[in-house]
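Beneath this line is the structure, given in C-alpha cells, with notes to follow.
The values are calculated or read from the model by the stated rules, or taken from the named source; none is laboratory data. Computed from a predicted structure; not experimentally measured. In this analysis, Cβ positions are derived from the backbone assuming ideal geometry, glycine residues included, and neighbour counts consider all displayed protein chains.
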Amino acid sequence: MQFGQMLLAATKMFYRDKRMLFFSLFIPLVIMSIFGVMDFDKFGTVKLGLVNNQRTEISKRFGQTLEKIKTFQVSQGTEEAEKKALDKGDRDMVLVLPDNFGQFNPRNPQPQNLTLYYNQGRSDRVGAGTMVLEQILSESNFQITKTPRLFNLEKKSVSSQILSYIDFLVPGIAAMMIMQLGIIGVSALITSFKEEGILKRLRATPIQPSIFLFSQVFTRLILLLAQVGVVLVIGIAVFKMHLIGNPLNLVVISILGGIGFLSIGFAISGIAKTRDTAITIAQLIQMPMMFLSGVFFPRESMPEALQKITDYLPLSYLVHAMRELALTNATLLTVQTDVVALAIWAVIGFVLAVKFFRWE
Amino acid sequence: MAIIEVKNLVKKYGKFTAVDGISFEVKKGEIFGILGPNGAGKTTTLEMIEGLREINSGEILLDGINVKDNPNDIKRLIGIQLQSSSFFDHLNLKELLTLFGSFYNQKINPMEILAEVELTDKAKSTVKSLSGGQKQRFSIASAMVNDPIVLFLDEPTTGLDPQARRHLWNFIRQIQKKGKTVVLTTHYMEEAEELCDRIAIMDRGKILTLDTPENLIKNLLKTGFKKKKIIQEANMEDVFLNLTGHGLREE
C-alpha cells in the first residue's frame, strides 16, 4: 500500500532527525534520571508539628493516620512548643486540632476550624503537605458525618502513594513530552517544509498535501506514544515508580492532549513564516507552561492568584489528568473536568489553526 | 501535432498583469524554450500550464485535457522541476524517489531512475551532499518517477559551471529522444540556441516572438542588424572549455 510508504518515510525522517529525537526522548529521560537518582523524598519530607490533645477517639485516630504517611515527619507537642519550633525553622507547618475535634452536634453539624501555621519560606513543602492534609480531611469528613455519598467518587488514598517524587514527576514529564511534540515539533516541521519549498514541490504531484501532512503528523503521534511508554516503563522498572491506574486511560488522555497541542502547533505554523520564528513562538508558549502547569513541582506551592490564572492552561489539565490516571484508580469520568477542558482547548486550537494555517 | 495549446491566457495580481493574453502551441516531442528577463511572466505561465496556479482567463489544453478543469489529471501526465526545489533532509536519494512514487500511487524502481541520471553511486547519499549539477539531475529524476509525457524545467542550468551545463544539455536531449516533450525557461541565450527547437521570447506578460533559433537570427539579420564588435571565431566560453575540457566535474 502506497500510504504505507509515506508512513515508513515519516518514521525514518523522525528517527534520523537527531535534534528532534534529542528533545523528544533524550531530554525527558535525562530529567527523569537526574531526579530519580537524587533522593528527593528525604528532601521533600514535610516537617509537621501536630497539636493534639487527644480528647476524642477521632483525634487519636487522626494522629495515627498522619504518622503513617511518608510525606510527613510528625512531631507532637503543645501549641506553644510547636509554634516556637516553627519560628526556629524546625517545622514546616503546625496543625492545631480543636479539643472537640470530630465531635459534632448531630442536629446541627457546624464545620470545625483547624488552624494551620506554616513557614512562608517553604512554600513548596507547605503546598505538598496541605494537599495531603486536605485529602485526609475530606476522607475523614465522610467517615465522621456518615453523609450518604451522593457520588460514588473513588477518592483513593493518593496520599500514601504519591509520596515519592518520581511518582509525581513521571506523569508530568509524559504530559510535557506530548506538549512539546504538538507545539514545537509540528510547527518546526511544517514551517521548515514551507521554507524549503517542499509543500510547493508536493503540489506538483497528485498527492493532496493534507494527506501527506496527515501521514507525517499521524506517524509522529504514534511514535510519541511509544516514547511516552518508554519513559513510563523506565520509570517503573528503574526508578520504582508506582503505576496504579489503567494504562489505557493514559493512552486516551495522551491522544486527546496530543490533538489539542497539535492544533496549537498548526496555528503557529500559520503565523510563523520561518522555522526559527516558529521555534521562538513555540518556546514562548511552552516554557511558561512547563513551569506553571505543575510538571516539576505541585502547583499548590504557587501564589494563589497565579494558580487561578494558570488553572486554565492546557498543560495544567493534561498534567493533572495524567497524574490522577497514573497514580490513582481514577477513570476518565473522574477527571472529566480535565477531559472537557482539553477538548475545549483542542477546539480553540483547531479554530486558530483553520484561521491562520496557510499552505504557502 | 500540438501537445500543449495555450489560448488568450491571462493572469493578474491585483492591478498588475503578469501574463497578458498570450497564445502559443508546443509540438509533441520538441524542446520548447521560454526566454525573457526576470518578471517577464515565464514562471507564472509555466505554473498555470502545470495546474499550480489559478488561471484568470483563457484556456490551456494539455494532451487535449483542459488544465483548469482537471488539474489533478494533468499532474499525473507531467513532471515538474521547480526553480528552487528542495527535498526532505533525512531521506537518501533512493528513499526520496520511492516516496515520490507513492505520491503517484505507483511502485517504482528507484535504482533504474537513478541510473538514467547517472547517480547510481549516490543512491545512499542525501540531496544536501550533492553538487549543483547532481542536484539538478536528481531534481529532474524526481520529476520523472511517473514517466511523464511532458517535462517542465524552470531554469535548469542556473548556477551551474559550463561543464555541468553542457552535461545537462546532453541529458535533456536524451529525454527528448525517448519521445518526451520538454518545456524549459532559461536566461542563457546560448542554451536556447543550442538546445531548443523553438523559442518564445516574453516580456511584460506578452510573447514578443516565437520561432526556431535559426529563423529568429535570420529575421534579425534581414532588418540590416550588425553587431558593433568584430565577429570573432571564438568566445570566452570556448577559451574556458578549451583550457579546462568538456569533462564533467563533480565536486
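Among the residues of the stretch B:39-55, the one identified as in a loop (DSSP other than H, G, I, E, B), more than 14 Å from chain A (Cβ to nearest Cβ), touching a residue at least 24 places away in the same chain (Cβ under 8 Å) and of a type outside the set (A, V, I, L, M, F, W, C) is B:G41. Evaluating A:G245 against the criteria (1) assigned to a loop (DSSP other than H, G, I, E, B); (2) within 13 Å of chain B (Cβ to nearest Cβ) leaves one unmet condition, (2). Restricting attention to the stretch A:1-40 and to residues that are polar (S, T, N, Q) and at the interface with chain B (Cβ under 9 Å from one of its Cβ atoms), the residue that is surrounded by the fewest Cβ atoms within 10 Å (Cβ to Cβ) turns out to be A:Q2. Of the residues making up the stretch B:139-146, at least one is under 24 Å from B:G36 (Cα atoms), of a type in the set (S, T, Y) and in a helix (DSSP H, G or I). Among the residues of the stretch B:13-38, those identified as in contact with a strand residue (DSSP E or B) (Cβ under 8 Å, 6 or more places away or on another chain) and closer than 14 Å to B:T186 by Cα are B:I31, B:F32, B:G33, B:I34, B:L35, B:G36, B:P37. Filtering the stretch B:111-156 to residues that are more than 16 Å from B:E50 (Cα to Cα), of a type in the set (D, E, K, R) and under 13 Å from the mean Cα position of the chain (by Cα) leaves only B:R137.
Being surrounded by fewer than 16 Cβ atoms within 10 Å (Cβ to Cβ), within 14 Å of chain B (Cβ to nearest Cβ) and in a helix (DSSP H, G or I) is the requirement here; does A:F214 meet it? Yes; evaluated as a whole, the condition is true for this residue.
For A:L221, the conditions (1) closer than 25 Å to A:G4 by Cβ; (2) in contact with a Leu (Cβ under 8 Å, 6 or more places away or on another chain); (3) within 14 Å of another protein chain (Cβ to nearest Cβ) all hold with the exception of (3). Of the listed requirements (1) in a loop (DSSP other than H, G, I, E, B); (2) of a type outside the set (S, T, Y); (3) closer than 20 Å to A:T11 by Cα; (4) at the interface with another protein chain (Cβ under 9 Å from one of its Cβ atoms), B:K124 misses just one: (4). Highlighted here would be helices (runs of 4 or more DSSP H) found entirely within the stretch A:265-360 that include at least 3 residues which are among the basic types (K, R) and not assigned by TED's automatic domain parsing to the domain that holds A:I183, but there are none. Residues in the stretch A:164-211 that are of a type in the set (F, W, Y) and either in contact with an Asp or Glu (Cβ under 9 Å, 6 or more places away or on another chain) or surrounded by fewer than 21 Cβ atoms within 10 Å (Cβ to Cβ) (or both): A:Y165 only. Taking (1) in a helix (DSSP H, G or I); (2) loosely packed, with under 13 Cβ neighbours inside 10 Å in turn, B:E191 satisfies each apart from (2). Only one of the numbered conditions (1) assigned to a helix (DSSP H, G or I); (2) modelled with pLDDT of 95 or more is not met by B:L216, and that is (2). For the stretch A:138-156, does any single residue satisfy the condition of being of a type in the set (A, V, I, L, M) and modelled with pLDDT of 60 or more? No, the stretch A:138-156 contains no residue that is of a type in the set (A, V, I, L, M) and modelled with pLDDT of 60 or more.
Can you find, within the stretch A:300-323, the residue that is nearest to A:L29 (Cα to Cα) among those that are at pLDDT below 90 and touching an Asp or Glu at 6+ places or on another chain (Cβ under 8 Å)? The extreme case among them is A:S301. When every residue of the stretch B:214-225 is checked against the conditions, none turns out to be under 18 Å from the mean Cα position of the chain (by Cα), more than 14 Å from B:I31 (Cα to Cα) and aromatic (F, W, Y). Each residue in the stretch B:87-102 was checked for being of a type in the set (G, A, S) and more than 7 Å from chain A (Cβ to nearest Cβ), and 1 pass.
In this structure, does B:M111 turn out to be crowded, with 20+ Cβ neighbours inside 10 Å and more than 8 Å from chain A (Cβ to nearest Cβ)? So B:M111 does not fit the description; no. Just wondering, is there one or more residues in the stretch B:129-145 that are touching a Gly at 6+ places or on another chain (Cβ under 6 Å), small (G, A, S) and within 12 Å of chain A (Cβ to nearest Cβ)? Yes, the conditions are met somewhere in the stretch B:129-145. When the criteria are applied in full, B:S102 meets the requirement of being without any contact (Cβ under 8 Å) to a residue 12 or more places away in the chain, farther than 23 Å from B:K28 by Cα, of a type outside the set (A, V, I, L, M, F, W, C) and in a helix (DSSP H, G or I). Would you mind stating whether A:L169 is part of a helix (DSSP H, G or I), modelled with pLDDT of 75 or more and of a type in the set (A, V, I, L, M, F, W, C)? Considered against the rule, which asks whether it is part of a helix (DSSP H, G or I), modelled with pLDDT of 75 or more and of a type in the set (A, V, I, L, M, F, W, C), A:L169 comes out as yes. When the stretch B:56-86 is filtered for residues that are facing chain A (nearest Cβ under 7 Å) and either at pLDDT 95 or above or part of a loop (DSSP other than H, G, I, E, B) (or both), the ones remaining, listed by number, are B:L82, B:S84, B:S85, B:S86. Whenever a residue of the stretch A:188-204 is more than 8 Å from chain B (Cβ to nearest Cβ) and free of Cβ contacts under 8 Å to residues at least 60 places away in the same chain, its partners that are surrounded by fewer than 21 Cβ atoms within 10 Å (Cβ to Cβ) and aliphatic (A, V, I, L, M), lying with C-beta atoms within less than 7 angstrom and at least six residues away or across chains, give the pairs A:F193/A:L199.
Just to be sure, is A:L250 hydrophobic (A, V, I, L, M, F, W, C), buried (at least 20 other Cβ atoms within 10 Å of the Cβ) and out of contact with any strand residue (DSSP E or B) (no Cβ under 9 Å at 6 or more places or on another chain)? The answer is yes for A:L250.
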